[in-house]
Amino acid sequence: MSADAETAAREALASFFEAWNTGDIEAVRSQLNYPHVTIGPAGQIIVAPTRDDFRTDFERMRQVEGWHRSTVDSCTVTASSPAKVHCEITFSRYRPDDSVYGTGRVMYIFTNHDGHWGMQLRSGMPDEALTAAQKR
């Protein structure tokens with residue numbers, strides 16, 4: 001395991017969630033490395049070759065799910081090297097009244113591209129409550 005890389009990945013994780021919670025797509029894009037790959041709950045693969053290609057609909061999350069913010073509840077580094085770190089994350093999503101409406105587990109892979117540590121791959125598994133909220 002690489003302690004420096006793990007520290008950098010944890011810092012990148014914190015920066016990603018800080019950006020995510022602003023709901024600002026440009027802030028989120030700046031926390032990623034490209035091409036960015038998302039593997040959805042049904043196994044679908046979404047590739048964003050460049051930062052302009054990465055999309056997340058924060059307004060839909062607010063309207064459909066009632067999303068206000070997300071938190072990292074736990075982070076376990078499962079593997080690391082000087083240039084790549086795998087993290088298993090448990091997260092929660094909150095409404096504006098601070099009630100939790102869903103949780104999930106996700107694997108994030110952080111990479112170092114020319115000195116920038118960013119998330120390059122994510123593969124998530126939401127719980128049933130979150131899945132139901134996303135389908136409204």
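So which residues in region 43-62 are farther than 16 Å from W20 by Cα and among the polar types (S, T, N, Q)?
Within region 43-62, Q44, T50 meet the criteria.
Filter region 69-115 down to residues that are of a type in the set (A, V, I, L, M), in a strand (DSSP E or B) and touching a helix residue (DSSP H, G or I) at 6+ places or on another chain (Cβ under 8 Å), then give me how many there are.
Of the residues in that region, 4 qualify.
Which one of these does I46 not meet: (1) hydrophobic (A, V, I, L, M, F, W, C); (2) in contact with a helix residue (DSSP H, G or I) (Cβ under 6 Å, 6 or more places away or on another chain); (3) part of a strand (DSSP E or B)?
Here I46 clears every test but (2).
Across region 80-102, which residue is nearest to R62 (Cα to Cα) among those that are of a type in the set (A, V, I, L, M) and open to solvent by 40 Å² or more (accessible area, probe 1.4 Å)?
Pass one, region 80-102, residues of a type in the set (A, V, I, L, M): 83, 85, 89, 100.
Filter once more, so that each one left must be open to solvent by 40 Å² or more (accessible area, probe 1.4 Å): 83, 100.
Working: A83: 35, V100: 14 Å.
Only one residue fits best here, namely V100.
Can you find a residue that is surrounded by fewer than 17 Cβ atoms within 10 Å (Cβ to Cβ), in contact (Cβ under 8 Å) with a residue 40 or more places away in the chain and closer than 18 Å to H36 by Cα anywhere in region 103-115?
Within region 103-115, one or more residues are surrounded by fewer than 17 Cβ atoms within 10 Å (Cβ to Cβ), in contact (Cβ under 8 Å) with a residue 40 or more places away in the chain and closer than 18 Å to H36 by Cα.
Name every residue in region 4-34 that is of a type in the set (A, V, I, L, M, F, W, C) and either in contact with a Cys (Cβ under 7 Å, 6 or more places away or on another chain) or farther than 15 Å from C75 by Cβ (or both), in order of residue number. Steps first, please.
Initial filter on region 4-34 (of a type in the set (A, V, I, L, M, F, W, C)): 5, 8-9, 12-14, 16-17, 19-20, 25, 27-28, 32.
Matches in region 4-34: A9, L13, A19, I25, A27, V28, L32.
The values are calculated or read from the model by the stated rules, or taken from the named source; none is laboratory data. Predicted model only: the values in this text are computed from it and were never measured. Because the Cβ atoms are built from the backbone with ideal geometry, glycine has one as well, and the counts that use them run over all protein chains shown. All accessible areas refer to the heavy atoms of the entire protein, side chains included, with ligands and DNA or RNA removed. Shrake-Rupley method; radii C 1.70, N 1.55, O 1.52, S 1.80 Å.
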